[in-house]
Amino acid sequence: MDILSHALGALSPLNLGLALLGVASGIIIGALPGLSATMAVAVLVPVTFGMTPESALIMLGAIYTGAIYGGSYSAILVNTPGTPSAIATTFDGFPMAKRGDGDLAVTLSTLASVVGGLVGVFALLTVAPLLAQVALSFGPVEYFWLAIFGLTLISALSEGSTLKGFMGAGFGLLLSTIGIAVVGGDIRYTFGSQVLLGGIEIVSALIGLYCIPVLIDLVASPESHLKVDEKQRGIRLREGLMHAWIGKFNLLRSATIGTGVAILPGAGGSIASLVSYSEARRAAKDSSSFGKGNPQGVLATEAANNATVGGGFIPTLVLGIPGTPPDAVILGALLVQGFRTGPELFTTNANITYTFVGGLFIATCLLLPLGLLIGRYAFKSIISIPKALLVPTIAFMTVIGTYAIRNSVSDVIIMLTLGIIGWVLNRYGFKPSPIVLGLILGPIAEQGFVQGFLMGRASGSYAVTFFGGPISLTIIALSILSVFYPVIKARRAQRRHTNDADDSRQEVSS
């Protein structure tokens, strides 16, 4: 009963108002290219300094929840992820929008975000201490293999040529090595330029590789950006609920994956959404429809990346180890207020903790009405704005969003350069997703490998260090399966097709 009474503390008028304001602010900021969830939380942190810890947690959690969801708007409507975790949403969300189902895609994103968020909150409430211990089992070597596993997903995510997918990932890995090394501090591939010392900023690259090619195509093509249907209302809740019910196992699996990945510090929503998308595609009867506007692809990615909100708070609150970048900002804000995290959080500070969990639950529920309302407005605005006004508006937001990350004109130049490179590569069949994936996972893989190498040299056995742990062996096995599964599946389909053709000939001959 104490837990329930503490959780009901989130229903106070002040906390309800903060949750509502936080979700709405997060959605709007997250929908703008370049203004990530981390930036949304960081910008609004000073507002919480005069609040009690539980109210501050509720507002910051609501902002985080809204921003992660808001990234799906631009991913679906303009093929530009508003946040890095929405990368995989572009795979099927934008094709749905191009064929006239953008309103359905936004509705599906809202429903999946609510389901994923609730699963993450449930995990935070029930199994936080246990799952937090799992995070402690991951060392540098395990993170290295986890990054490798993420890269192997390219074989399942590549649209068309798998070889081009791996080549794109290799280009992304090369980009991730520019600047000062993660371990050791060596300066690499800067060509004497001070601008490149800080490396390629991920969100800048994300905007350039996704948004600039879209803008170029909008200018070059006389056709409308999205297909317009007079019957489109902006909200297709009944149809969305039907798709969600059909994909209920996909939703729960994806939300569970998102929660599990989020407890690993540094993994984040981008890896969670890619893994869940890969699993949804692998489990589907017709995997060829993924990447062409399959509603289950949108459900999988959005359920996973919103589950990372609750899942990421597990190591943050229980261990004091931020699960995701926004968690690090929130943790810093709480430390300023004198709030201490730790295993005793659910006992000595139970009133604050359970009030926050209740507030996070309320914020997730508020996603449904607010998301559908704002999504309807965003969808109708995108399809009704003339292209002559839409292009400069998006271009302005991309430049401002890129500049705001580090207040650097150099980031804008890098963004534009990568955008032109991405447009050229796209014309030759190289998609931006593998490049961005390589750029995101490169530092994780490099840091894990170098630290593992040093550990192996100290212990006298590299083989035992890299291949001796059960977690490492499990991830290696999953990586091998991920690489060869598409080949095995294609051969099975070919064999089945051959057998069906033989049976048909035998029937005709008889």
Restrict the check to the stretch 364-377 and report whether at least one residue is part of a helix (DSSP H, G or I), at pLDDT below 80, open to solvent by 80 Å² or more (accessible area, probe 1.4 Å) and not charged (D, E, K, R).
yes
What's the number of the condition TRP423 fails, among (1) in contact with a helix residue (DSSP H, G or I) (Cβ under 7 Å, 6 or more places away or on another chain); (2) modelled with pLDDT under 80?
(2)
Would you confirm whether or not the stretch 277-288 contains a residue that is of a type in the set (Ser, Thr, Tyr) and either under 15 Å from the mean Cα position of the chain (by Cα) or open to solvent by less than 20 Å² (accessible area, probe 1.4 Å) (or both)?
yes
Exactly one condition in (1) under 19 Å from PHE144 (Cβ atoms); (2) modelled with pLDDT of 80 or more; (3) not in a helix (DSSP H, G or I) is false for GLY170; which is it?
(3)
Count, please, the residues in the stretch 278-312 that happen to be touching a helix residue (DSSP H, G or I) at 6+ places or on another chain (Cβ under 7 Å) and among the acidic types (Asp, Glu).
2
If you take the residues of the stretch 237-260 that are open to solvent by less than 20 Å² (accessible area, probe 1.4 Å) and assigned to a helix (DSSP H, G or I), which of them is nearest to GLY438 (Cα to Cα)?
GLY258
Specify the residue that is farthest from ILE235 (Cα to Cα); the eligible residues are those in the stretch 90-115 that are touching a Phe, Trp or Tyr at 6+ places or on another chain (Cβ under 9 Å) and modelled with pLDDT of 85 or more.
ASP92
Going by the conditions given, is ALA112 among the aliphatic types (A, V, I, L, M), open to solvent by less than 10 Å² (accessible area, probe 1.4 Å), within 19 Å of TYR210 (Cα to Cα) and part of a helix (DSSP H, G or I)?
no
Go through the stretch 183-197 and report how many residues are under 12 Å from GLU446 (Cβ atoms), in a loop (DSSP other than H, G, I, E, B) and open to solvent by less than 70 Å² (accessible area, probe 1.4 Å).
1
Checking the structure you have, find out if any residue of the stretch 223-235 is open to solvent by 20 Å² or more (accessible area, probe 1.4 Å) and at pLDDT 75 or above.
no
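Can you report the number of residues in the stretch 289-317 which are at positive phi and open to solvent by less than 10 Å² (accessible area, probe 1.4 Å)?
The total comes to 1.
To keep it simple, each residue is scored yes or no on (1) in contact with a Phe, Trp or Tyr (Cβ under 9 Å, 6 or more places away or on another chain); (2) part of a helix (DSSP H, G or I); (3) hydroxyl-bearing (Ser, Thr, Tyr); (4) open to solvent by less than 40 Å² (accessible area, probe 1.4 Å).
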| position | (1), (2), (3), (4) |
| --- | --- |
| GLY452 | yes, yes, no, yes |
| PHE466 | yes, yes, no, yes |
| LEU473 | yes, yes, no, no |
| ILE480 | no, yes, no, no |
Restricting to the stretch 413-447, name every residue that is open to solvent by less than 40 Å² (accessible area, probe 1.4 Å) and either of a type in the set (Asp, Glu) or free of Cβ contacts under 8 Å to residues at least 24 places away in the same chain (or both).
GLU446
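The values are calculated or read from the model by the stated rules, or taken from the named source; none is laboratory data. None of the values given here were measured: they were computed from a predicted structure. Quick reminder, even Gly has a Cβ in these numbers, built from the backbone with ideal geometry, and neighbours come from all protein chains shown. The accessibility values were calculated without ligands, DNA or RNA, using every heavy atom of the protein model including side chains. Shrake-Rupley method; radii C 1.70, N 1.55, O 1.52, S 1.80 Å.
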